Amino acid sequence: MRFQGQVALISAAGAGIGRATALIIAREGGTVVGVDVDPVALDRLTADVAGAGGRALALQADALDAAAVE
C-alpha cells in the first residue's frame, strides 16, 4: 500500500479526476480529505472511500472563495 500513513488533500474531490484520485489513494491505504462545493457528491465520495476500506473527511467549500477556505 503505497499511501499507507499518508493524508491527501484533494480539491474538486466530488467528481471527475478529483474523485478518481481520491478513490485510488484510499484503495492504496491513504486518508483522503476531499474538498468540493457539492455536498451530495462529497457524501457519495465518503461512502465509496469507506467501501474501499479507506478513511475520508469531507469539507464543503469553494476553493475560489477566500473567505470559505480561511
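Only the coordinates and a few stated rules stand behind these numbers; no lab work does. Keep in mind it's a predicted model, so treat the numbers as computed, not measured. Every residue, glycine as well, gets a Cβ built from its backbone with ideal geometry; the counts of neighbours run over all protein chains shown.
Summing Lys and Arg as +1 and Asp and Glu as -1 over all other residues whose Cβ lies under 12 Å from the Cβ of Ala63 gives a net charge of -4. Distant-in-sequence amide contacts of Ala56, defined by a placed amide H-H separation under 5 Å and a gap of 5 or more residues or a different chain, comprise Val32. The slack in the chain from Ala66 to Asp38, taken as 0.36 nm per residue of separation less the alpha-carbon distance, amounts to 8.4 nm.
Computed from backbone phi, the HN-Hα couplings of the range 29-40 come to x, x, 9, 10, 10, x, 10, 7, 8, 9, x, 5 Hz, rounded to whole numbers (Karplus: 6.51 cos²θ - 1.76 cosθ + 1.60, θ = phi - 60°; Gly and Pro given as x). Each Lys or Arg adds one and each Asp or Glu takes one away; over the other residues whose Cβ falls under 12 Å from the Cβ of Gly30, this sums to +2.
When a/c is below 1.5 the answer is rounded, else prolate if a/b is larger than b/c, else oblate, so apply that to the chain with a ≥ b ≥ c taken from the square roots of the Cα gyration tensor eigenvalues. Note, shape of the chain comes out prolate.
Only Cα pairs under 8 Å and 6+ residues apart enter the sum, and on that basis the relative contact order of the chain stands at 30 percent.
By the helix-only formula, in which each DSSP H run with n ≥ 4 contributes -39500 (n - 2.57) and the sum is divided by residues, the chain has a 222 nm mean residue ellipticity of -11000 deg cm²/dmol. For helix 16-27, what angle does its Cα long axis make with the longest principal axis of the chain, in degrees from 0 to 90 and rounded to 10? Helix 16-27 sits at roughly 40 degrees to that axis.
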